[in-house]
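The values are calculated or read from the model by the stated rules, or taken from the named source; none is laboratory data. All values reported here derive from a predicted model rather than from experimental measurement. Every residue, glycine as well, gets a Cβ built from its backbone with ideal geometry; the counts of neighbours run over all protein chains shown. Note: accessible area is taken over every heavy atom of the protein model, side chains too, but ligands, DNA and RNA are not part of it. Shrake-Rupley method; radii C 1.70, N 1.55, O 1.52, S 1.80 Å.
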Protein chains: 2
Amino acid sequence: MITQQKLKEAQQRSLAYFAKAGIVLTADEIEEIEVADFGIGELDSTGLEVVVYINTERCCAKELVLFPYQTCPEHRHPTVDGEPGKEETFRCRWGVVYLYVAGDPTPNPKSAPPKGREATYTVWNEVVLYPGDQYTIYPDTLHWFQGGADGAVVSEFSTRSRDEFDIFTDAEIQRLTQVAN
Amino acid sequence: MITQQKLKEAQQRSLAYFAKAGIVLTADEIEEIEVADFGIGELDSTGLEVVVYINTERCCAKELVLFPYQTCPEHRHPTVDGEPGKEETFRCRWGVVYLYVAGDPTPNPKSAPPKGREATYTVWNEVVLYPGDQYTIYPDTLHWFQGGADGAVVSEFSTRSRDEFDIFTDAEIQRLTQVAN
């Protein structure tokens, strides 16, 4: 649950990041920036700001903002109704993003999970993305990511996005944001 | 057919546009910028500069540069082997792009086709895209587009891209660029 005030504040705050990345949004897009608190209510540590450019049955593109050290928690995109899960490419546009995927755990990783939730972060192969760097996540594979000290702006190119089917390692997480009236 | 020198010049020229749009490319991407002259050999009027970020069986993302008044000629993306043709969203990042699709012809359109090839431009419903504006082209529908007086940078989000199957109205066009040795 997020309050209208916190939602508006996070939308406003994310505008500075889009500006730094040189990304132009329409007035409607600005009004509709999604602020995901994942039901945790600790947006500074667990959260994501999202602009959805397009999301059809075949194709999706989004722009993501991560505030400094803000984390999108560990999840995967499963097969739904026989359709393979989402395939997504993250391309860093501004700042730095630390992405974690399955594979050999990286010694001394750059990120620490949000406090108290460490047990729900299980993949530790670190991919560091600076502007111009990208990485493709294939369906149904666990991943999580965190913005660096200055935050990050990341483009996501993917197949159809159906966030409501995402499976999070942390059972307390609710992907769809509830806004308090 | 394009010479190595013209290819390199066009790659170099396109870098200024990516910079204006605030788009960061890797050294490898810069080296591999595609310069499409569509086999016409008149790159300033008929041409397109392309960086392919990702192109898998399910998903594709590219960055396009149009030099001032440069035109990507009229074409469509047909069904191939039972797979519906490419669906693509163009999002203007910098400059202005004039896009033409099927529908009521726009009176006094902003663009003129490349000289001598007017007969191969048959759809005239004009869509003007400024930075932040976007438009989605559904499969197998004719379209063409031209950069404005300052050129344009356009992001393309799409399903799988198989340019070799594109069908151009102008029978002289060859989509895949041949580079002279």
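Quick notes
- Residue by residue, the range B:56-65 carries 3J(HN,Hα) couplings of 10, 5, 10, 7, 8, 9, 9, 10, 10, 10 Hz when phi is fed to the Karplus relation 6.51 cos²θ - 1.76 cosθ + 1.60 (θ = phi - 60°); x denotes Gly or Pro.
- Pairwise FRET efficiency - A:Arg162 versus B:Asp140, Cβ, R0 = 35 Å, nearest 0.05: 0.85
- Based on the reciprocal of the average 1/r between different C-alpha atoms, the Kirkwood radius for the protein assembly as shown equals 21.5 Å.
- In this structure the amide hydrogen of A:Cys59, modeled in the peptide plane, comes within under 5 Å of the amide hydrogens of A:Arg160, none closer than 5 places in sequence on its chain.
- Calculated FRET efficiency for the pair B:Asn125/A:Asp133, C-beta based, R₀ 41 Å, to 0.05: 0.60
- Efficiency of FRET from Cβ geometry, A:Asn181 and A:Lys6, R₀ 22 Å, rounded to 0.05: 0.95
- Taking every residue in A:49-62 and counting other chain Cβ atoms within 10 Å of its Cβ, the average works out to 4.
- 13 Å beta-carbon shell around B:Leu7, net charge (K/R +1, D/E -1): -3
- Computed over chain A with a Gaussian network model linking Cα atoms closer than 10 Å, the most mobile of A:Leu142, A:Leu15, A:Leu43 is A:Leu15.
- Taking every DSSP beta bridge that has both ends in the protein assembly as shown, the antiparallel portion is near 95%.
- The range A:12-59 shape via C-alpha gyration tensor axes, a/c threshold 1.5: oblate
- Inter-chain Cβ neighbour average for residues A:69-75, partner chain, 10 Å: 0
- Shortest-first distances to equivalent copies, position A:Glu9, nm, label 7 Å out along Cβ: 5.7
- Point-to-point label distance, A:Asp150-A:Ile30, nm (Cα→Cβ direction, 7 Å offset): 2.3 nm
- Translational diffusion coefficient (Stokes-Einstein; Kirkwood radius from C-alpha pairs) of the range A:17-105 at 20 °C, 1.002 mPa s, in µm²/s: 143 µm²/s
- 5 angstrom amide H check on A:Glu87, placed H, neighbours 5+ away: A:Thr159
- Think of it as helices only: each DSSP H run of n ≥ 4 in chain B is worth -39500 (n - 2.57), and spread over all residues that comes to -3500 deg cm²/dmol at 222 nm.
- Shortest-first distances to equivalent copies, position A:Asp133, nm, label 7 Å out along Cβ: 3.7
- Fraction of the pair-distance distribution of chain A above 19 Å, Cα-Cα pairs, percent: 56 percent
- Each 10 Å bin from 0 upward holds the following percent of the Cα-Cα pairs of the range A:139-181: 17, 43, 37, 3.
- Karplus-based coupling profile of the range B:19-27, in residue order and whole Hz: 5, 4, 7, x, 9, 9, 10, 7, 4, with θ = phi - 60° in 6.51 cos²θ - 1.76 cosθ + 1.60 and x standing for Gly or Pro.
- With protein chains left intact and a 1.4 Å probe, residues in the protein assembly as shown average 44 Å² of accessible area per residue.
- Minimum Cβ-to-axis distance in chain A for the rotation onto chain B, with residue, whole Å: A:Gly22, 1
- Karplus-derived HN-Hα couplings along the range A:144-161 (A = 6.51, B = -1.76, C = 1.60, θ = phi - 60°), whole Hz, x at Gly and Pro: 8, 8, 9, x, x, 4, 9, x, 7, 10, 9, 8, 10, 10, 7, 6, 2, 9
- Nonlocal amide H pairs with A:Arg117, under 5 Å, H built at 1.01 Å: none
- The listed peptides B:147-153, A:93-99, ordered by packing as a protection proxy, come out as A:93-99, B:147-153 (highest mean of other Cβ atoms within 10 Å first).
- Shielding value for B:14-23 is 2, the average number of Cβ atoms from other chains within 10 Å of each residue's Cβ.
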